[in-house]
Amino acid sequence: MGKLTEAIEDYESLNHDTGVSAKISEIHKLQNQWEDARKLFANSEYREALTLLDKLVESVDYAEELRELRARCYLSLGDVQKGLQEMRFGVHLTNDNREGLLRISQIMYDAGFAVQATNELRECLRLDQDDKACLSFYKKVNKVAKAITATQEALEAERYSDCIKKAAEIVKLESSNPEYANQANISLCHCHAKAKSVDGVPYCESVVQHYPESTEFQLYQAEAYINADRFQDAISTYQKILGHESNNQKAKEGMKKAQKLLKASNRRDYYKILGVPKSASKKDILKAYRKMAAEYHPDKFQGEERMQAEKKFVEISAAKEVLTDDEKRTQFENGIDPLDPEQQAQNPFGGHPFNGFPFSHMHPFEGAHFEFHFG
């Protein structure tokens, strides 16, 4: 706040002006408020410091130090977006402020905003492309930012295998910062669930632990449990959701699905028969079928072994019939055996008893901390 001291000196040079004393008194008052705000911040009294700083901003709007302290109060109170906006405003008050740009990029990066941090670093390098500190940090941050962007693009394009790979890359690049681990876990939970992978449970559990009030992430967790054949865990999760949102339609439908799957858990498992995961493509299913059909073809056996082979061959053919037919596969994944006449008679909705995947319209980061863009 050196400009206040300069202002006092300027006013003192105008000692013939009758209003000088009042102006100097007002500036001293602002200086005292500034010192008080700094002390409050040092004592972790962030809200009290903000109250003083808000008053100061009305009189000293364009002071970088003031804006930075105000930003640090917001950050300390957990309001990351306001904190970064305030700090960015302060940094851009000074021309050629490469040191400030580097400082804000570091704070942004540490807070989990790698993509936004690259913008500040590019501005620093635009001012001086040979700035060693900015260039060195940019190389690190840009790798993480690219992985985050690639993950989001893969998710939005429904390329779930790529999404899983890119999200894992985020953790590999930045293993020491929990903000990036959390961002990666959100994507891994979402994409494993969409891919019907059995590996999504630990990621979804981590996300729910981080955001215990998020219904959307609890729904992901329940779907991950279903993919892993943990039907009772899925039911418990849906019950928890319905306990505080009794009309949640996704939870109601998911509950019915999990209950049917639990009841039918002793039936034929066509995935296990062919030895393929639930996320297997039609190409993988046909490949597994051909291999097993050749291995268990009845013509290769005699006597008792032929009878066993015939039974196995029928199972293999049934599995191939169900899993290569989209409608029958959907029925099976919703707890209905399409080759069981009794179950078919009880299913009035055909192949879509729950209108498909319960998270088809869910945004992966709703209610969660992820990259944002400043206005």
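For this structure, a couple of remarks:
- Residue count for segment 91-143 under the criterion of being more than 26 Å from Asn182 (Cβ to Cβ), polar (S, T, N, Q) and surrounded by 14 or more Cβ atoms within 10 Å (Cβ to Cβ): the result is 1.
- Checked against (1) part of a helix (DSSP H, G or I); (2) closer than 25 Å to Ala228 by Cα, Val198 passes all but condition (1).
- Residue check, Asp299 surrounded by fewer than 18 Cβ atoms within 10 Å (Cβ to Cβ), assigned to a helix (DSSP H, G or I), in the same structural domain as Lys311 (by TED's automatic domain parsing) and at pLDDT below 90: yes
- Number of residues in segment 74-114 that are outside any helix (DSSP H, G or I) and among the hydrophobic types (A, V, I, L, M, F, W, C) equals 4.
- Residue in segment 129-152 that is farther than 30 Å from Arg103 by Cβ, modelled with pLDDT of 95 or more and not β-branched (Val, Ile, Thr) present: no
- Test result for Glu213, outside the structural domain of Thr330 (by TED's automatic domain parsing), part of a loop (DSSP other than H, G, I, E, B) and under 24 Å from the mean Cα position of the chain (by Cα): yes
- Test result for Ala222, at pLDDT below 95, of a type in the set (Gly, Ala, Ser) and not assigned by TED's automatic domain parsing to the domain that holds Ser281: no
- Pair list, Cβ < 6 Å and 6+ apart or interchain, from segment 287-307 residues that are within 14 Å of Ser317 (Cβ to Cβ) to residues that are among the aliphatic types (A, V, I, L, M) and part of a loop (DSSP other than H, G, I, E, B): Ala288/Val276
- Just one residue in the set Gly90, Gly112 is in contact with a Pro (Cβ under 9 Å, 6 or more places away or on another chain) and at pLDDT below 95; that residue is Gly112.
- Of all residues in segment 146-164, those satisfying the criterion of being assigned to a helix (DSSP H, G or I) and surrounded by fewer than 16 Cβ atoms within 10 Å (Cβ to Cβ) are Thr149, Glu153, Glu156, Ser161.
- Considering only residues in segment 276-296 that are within 19 Å of Phe332 (Cβ to Cβ) and of a type in the set (Gly, Ala, Ser), the one that is surrounded by the fewest Cβ atoms within 10 Å (Cβ to Cβ) turns out to be Ser281.
- Selection from segment 259-275 of residues that are under 16 Å from Arg329 (Cα atoms) and surrounded by 17 or more Cβ atoms within 10 Å (Cβ to Cβ): Lys260, Leu261, Ala264, Tyr270, Tyr271, Ile273, Leu274
- The condition of being closer than 21 Å to Glu179 by Cα, touching a residue at least 12 places away in the same chain (Cβ under 8 Å) and either among the hydrophobic types (A, V, I, L, M, F, W, C) or assigned to a helix (DSSP H, G or I) (or both) does not hold for Tyr238.
- Among the residues listed as Val57, Val20, Val80, the single one being under 22 Å from Tyr109 (Cα atoms), modelled with pLDDT under 90, in the same structural domain as Gln116 (by TED's automatic domain parsing) and in contact with a helix residue (DSSP H, G or I) (Cβ under 9 Å, 6 or more places away or on another chain): Val80
- Selected residue (criterion: surrounded by the most Cβ atoms within 10 Å (Cβ to Cβ)) from residues of segment 43-73 that are assigned to a helix (DSSP H, G or I) and touching a residue at least 40 places away in the same chain (Cβ under 8 Å): Leu66
- Top-ranked residue in segment 195-207 [being closer than 16 Å to Ala154 by Cβ and crowded, with 24+ Cβ neighbours inside 10 Å; ranked as farthest from the chain's Cα centre (by Cα)]: Gly200
The values are calculated or read from the model by the stated rules, or taken from the named source; none is laboratory data. Only a predicted model underlies this, so the values are computations on that prediction, with no experimental measurement involved. So basically every Cβ, Gly included, is an ideal-geometry build from the backbone, and we count neighbours across all protein chains shown.
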